Amino acid sequence: MRAVVQKDKNRPLSGRLALGCGAAAFASAALLSGCAGPAETRPASGQGGPVQVLRPQDRQATEHTRLAAAAKHWGLDQVPLTPPPPPKKKPEITARAGFEVAHQEDWDLPPVFTTIPTRQKVVFLTIDDGSEKDRDFLRMMRDLKIPYTAFLSNYLVKDDYGYFRTMQSYGHTLNNHTLHHPYLPGLSYEQQKDEICGMQDIMRKQFGKRPTVFRPPYGNYNQDTLRAAKACGIRYAPIWNEEVYVDHWEFREDDQKFRRGDIVLTHFRGRSDWDGTMVDDMRRFLNRITREGYAVARLEDYL
């Protein structure tokens, strides 16, 4: 059903000073000499007793230890890389060459693109439709702090909106993938508008806002699609450059390589469709991109 045009670098924990401090009798002397313990203490508000305040380097080491344990728990080869901070200046997003429609620019239609312009070694994970509601997947991605964007079709998510509200509460973005996942170029302008605007209404009612990002089902669209999307409040129409399955990858580019800023697609699928689970799928995704030096960034931070 898919048309293909064609997921830690960490400093080691600083050694603790064990020698040269003696048995310091005075805390002030220890602090001034650099021989204090891993954190300072100060009275808790309204308590009068001391509380430990971790220094930034100690917080970083603690988080790395937690992530390493999570990576081991979920069967990853190594800890996923941490993405850089979002760009202060958002990149200019334009339609990929050859993916434009007539009047793309003068009508200011939402651009269709497969890659975000960036010098950062990041990729963006997107997950389509909403068929499988895998609770272990939610826990895995929360534990590992991996951002992703979901593109939802109402006919597949309406049986459990709560699952996607939980996803949203973890900081992941929910976007528009139409009401019924049709082949949009086969529909009239008004029918396409009903599919896209109708899903906008569902998104507002169930998840609190109308998205500005939309993915056409199967990656298929025409000028009417983008006109209808714009009329429904859509600004961007990303598709993808790679797709990951539980047992293989598919690439749009002939060289079968990732590029900085590539958008990766997968689906909410489980054992009824694949020989594996979403956790298995994410393990394949994260192991490969981490091995090749990529971090997973949040798509909306670059739009």
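The values are calculated or read from the model by the stated rules, or taken from the named source; none is laboratory data. Note that the structure is predicted; figures quoted are calculated from it, not measured. Cβ placement follows ideal geometry from the backbone for every residue including glycine, while neighbour counts extend to all protein chains displayed. Side chains included, ligands, DNA and RNA excluded: accessible areas come from the protein's heavy atoms. Shrake-Rupley method; radii C 1.70, N 1.55, O 1.52, S 1.80 Å.
The table for this structure:
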quantity	calculated
Aspartates and glutamates whose Cα lies under 19 Å from that of Lys257, excluding same-chain neighbours fewer than 8 positions away	Glu242, Glu243, Asp247, Asp281, Glu292
For Phe113, distant residues with modelled amide H under 5 Å away	Arg96, Ala237, Ile239
Label point 7 Å beyond Cα of Arg204 along Cβ direction - residues of region 142-167 with amide nitrogen under 19 Å	152-155
Subset of Lys88/Lys145; Lys89/Lys158; Lys89/Lys205 violating a 25 Å alpha-carbon distance limit	Lys89/Lys158; Lys89/Lys205
Label-point gap, in nm, between Ala69 and Glu253 - each point 7 angstrom along Cα→Cβ	3.9
Where labels lie 7 Å past Cα in the beta-carbon direction, separation of Lys88 and Trp274 in nm	3.9
Per-residue ³J(HN,Hα) for region 172-187, Karplus 6.51 cos²θ - 1.76 cosθ + 1.60, θ = phi - 60°, Hz, x for Gly and Pro	8, 9, 10, 10, 8, 9, 6, 5, 10, 6, x, 7, 5, x, x, 10
Karplus 3J(HN,Hα) series, Hz, for region 123-134 with 6.51 cos²θ - 1.76 cosθ + 1.60 (x for Gly, Pro)	10, 10, 9, 10, 10, 9, 5, x, 5, 8, 10, 8
Cross-link reach list, aspartates and glutamates versus Lys90, counting only Cα pairs under 17 Å and skipping chain neighbours closer than eight places	Asp262, Glu300, Asp301
Long-range amide H partners of Thr173 with built H, under 5 Å	Tyr148, Ala150
Centroid-to-centroid separation of region 237-280 and region 137-194 [C-alpha atoms, Å]	16
Additional length obtainable on full extension of the chain from Trp107 to Gln57, 0.36 nm per residue less Cα span	12.9 nm
Per-residue HN-Hα couplings for region 88-104 [Karplus 6.51, -1.76, 1.60; θ = phi - 60°; Hz; x = Gly/Pro]	5, 10, 5, x, 7, 9, 10, 5, 4, 4, x, 9, 6, 10, 4, 6, 3
Area of Asp134 that stays accessible when all protein chains are in place (1.4 Å probe, Å², to 10)	20
Amide N proximity, region 151-181 versus Arg135 label position 7 Å along Cα-to-Cβ, cut-off under 12 Å	163
Approximate spin-label separation Asp160-Glu292, in nm, with each point projected 7 Å along Cα-to-Cβ	3.1
